[in-house]
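The values are calculated or read from the model by the stated rules, or taken from the named source; none is laboratory data. Treat the numbers as computed from the prediction; the structure is a model and nothing was measured. Cβ atoms come from the backbone with ideal geometry, glycine included; neighbour counts cover every protein chain shown.
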Amino acid sequence: MASIEFVQVTQSFDKNIIIEGLDLKIEDGKFTVLVGPSGCGKTTLLRMIAGLDPHTSGSVLINGKDVTRIAPGQRGVAMVFQNYAIYPTMSVRENIEFGLKNNKVAKEERTRLVEGISSTVGLSDYLDRKPSTLSGGQRQRVALARAMVKKPSVFLMDEPLSNLDAKLRVQMRIELIEMHKKLGTTFVYVTHDQVEAMSMADTIVLMNRGRIQQEAPPEVIYRRPSNLFAAQFIGVPPMNVGELGVDGVKFGFRPESAVLTTEPGDSHFSMRGVVATREMLGSETIYQVKSGENAFMIKCIEDLFSFDQEVYVGVDAAKLFFFGADENRIDED
Ligand code: ATP
């Protein structure tokens, strides 16, 4: 196991500064997810941990040791990419064994390790099959097993589920959580998908434009977002935000925090509006309610309202967030 630390790290490519003076500590044995929109620098951070790109200045530490000048193969990290490359002509066993053979691990030990990891990822029955005979999810497991079998102290993953269909992604998320529990290794996982981040992370590191916006457990980011970006990135549909008309202060509330009624309710905050769209999703319905200049998304368990109906949007004071002109949250924790 290993902790990771970035100390005043700057990375630039072709004179473009991508990351500047970044400090971050990733805890030993935790499942940390780096999340943020495309181009925010997530992969850049992961590649610096792996040692794949020399960074411009600052230090990267693994287990307290400066690895800035240590080659990728000597860092004790393994990385699984989005386009996991498994060898099509090799069997599952040979694919998983490949790195061990390269490291001259003895045959008996190789067999023991391959069989152990295959059972962890649910591939025991497929060891003699060729990758072409496996499903997408099983192939992804081969890539994971191949990285895990080397017993890295840090396991890096860059969008490893993005090529899988929606159902398989959900299944693999659960499997990754279980694998992490079993292995107890430090996992650093990159995604742009906030649902993946929310469902798997012990700690989310939320990034935008090369900067860390918030670093906290998922429920803390959801309940106490530090700024407008964090408030709107985490949660589906995103937090509703409106202008208060005073000094650039904005208010916000989550779609699931509001109640819709046909008469004014007794909520602290109540606005009259009209149902503009209605999306029935089975277990819930999402309405868009237009109220003056604002359009709010409201999530309801029951499907009680129709298009063009006049409604009242009610939100309790405790469910409201306020953001200052600098977009940082200004209400009390
Ligand atoms: P995505 O979710 O799209 O993969 P990301 O958050 O992982 O995005 P990075 O891949 O880290 O983003 O890229 C951050 C920025 O750095 C982008 O503007 C990208 O174009 C730039 N960049 C990354 N690697 C290089 C490189 N080798 N040379 C030049 N620019 C690069």
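On the given criteria, is Val274 over 15 Å from the mean Cα position of the chain (by Cα), among the aliphatic types (A, V, I, L, M), part of a loop (DSSP other than H, G, I, E, B) and surrounded by fewer than 20 Cβ atoms within 10 Å (Cβ to Cβ)? Criteria not met by Val274.
Please specify each residue of the range 178-196 satisfying the condition of being part of a helix (DSSP H, G or I) and either touching a Ser or Thr at 6+ places or on another chain (Cβ under 8 Å) or not hydrophobic (A, V, I, L, M, F, W, C) (or both). Correct list: Glu178, Met179, His180, Lys181, Lys182, Leu183, Gln194, Glu196. Being within 23 Å of Ile221 (Cβ to Cβ) and not hydroxyl-bearing (Ser, Thr, Tyr) is a description that does not apply to Leu100. When the residues of the range 214-246 are filtered to those that are out of contact with any strand residue (DSSP E or B) (no Cβ under 6 Å at 6 or more places or on another chain) and among the aliphatic types (A, V, I, L, M), which remaining residue is surrounded by the fewest Cβ atoms within 10 Å (Cβ to Cβ)? Applying the filter and picking the extreme gives Val246. Screening the candidates Glu332, Glu256 for the property of being within 30 Å of Arg209 (Cα to Cα) and either part of a loop (DSSP other than H, G, I, E, B) or of a type in the set (Phe, Trp, Tyr) (or both) yields one hit, Glu332. Only one of the numbered conditions (1) more than 13 Å from the ligand (Cβ to nearest atom); (2) in contact with a strand residue (DSSP E or B) (Cβ under 6 Å, 6 or more places away or on another chain); (3) touching a residue at least 60 places away in the same chain (Cβ under 8 Å) is violated by Val7, and that is (3). Set side by side, the residues Ser162, Ser199 differ, and just one is under 14 Å from the mean Cα position of the chain (by Cα), surrounded by fewer than 20 Cβ atoms within 10 Å (Cβ to Cβ) and either in a loop (DSSP other than H, G, I, E, B) or among the aromatic types (Phe, Trp, Tyr) (or both), which is Ser162.
Yes or no, residue by residue, for (1) within 16 Å of the ligand (Cβ to nearest atom); (2) modelled with pLDDT of 95 or more; (3) loosely packed, with under 15 Cβ neighbours inside 10 Å; (4) farther than 17 Å from Glu215 by Cβ:
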site: Lys15; (1), (2), (3), (4): yes, no, yes, yes
site: Asp23; (1), (2), (3), (4): no, yes, yes, no
site: Val33; (1), (2), (3), (4): yes, yes, no, no
site: Gly36; (1), (2), (3), (4): yes, yes, no, no
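Are any of the residues in the range 62-72 within 16 Å of the ligand (Cβ to nearest atom) and farther than 20 Å from Thr185 by Cα? No - not one qualifying residue is present in the range 62-72. When restricted to residues that are without any contact (Cβ under 8 Å) to a residue 40 or more places away in the chain and among the hydroxyl-bearing types (Ser, Thr, Tyr), the range 45-77 contains 1. For the range 12-37, a residue qualifies if it is in a strand (DSSP E or B) and either aliphatic (A, V, I, L, M) or in contact (Cβ under 8 Å) with a residue 60 or more places away in the chain (or both), and the qualifying residues are Ile17, Ile18, Ile19, Glu20, Leu22, Leu24, Ile26, Phe31, Thr32, Val33, Leu34, Val35. Within the range 92-115, residues that are under 11 Å from Val142 (Cβ atoms) and at pLDDT 95 or above reach partners that are of a type in the set (D, E, K, R) and in a loop (DSSP other than H, G, I, E, B) with beta carbons closer than 6 Å, at six or more positions or on different chains, in the pairs Val92/Arg129.
Look through the range 202-213, keep the residues that are under 11 Å from Thr32 (Cβ atoms) and of a type in the set (Val, Ile, Thr), and return whichever of them is surrounded by the most Cβ atoms within 10 Å (Cβ to Cβ). By that ranking, first place goes to Ile204.
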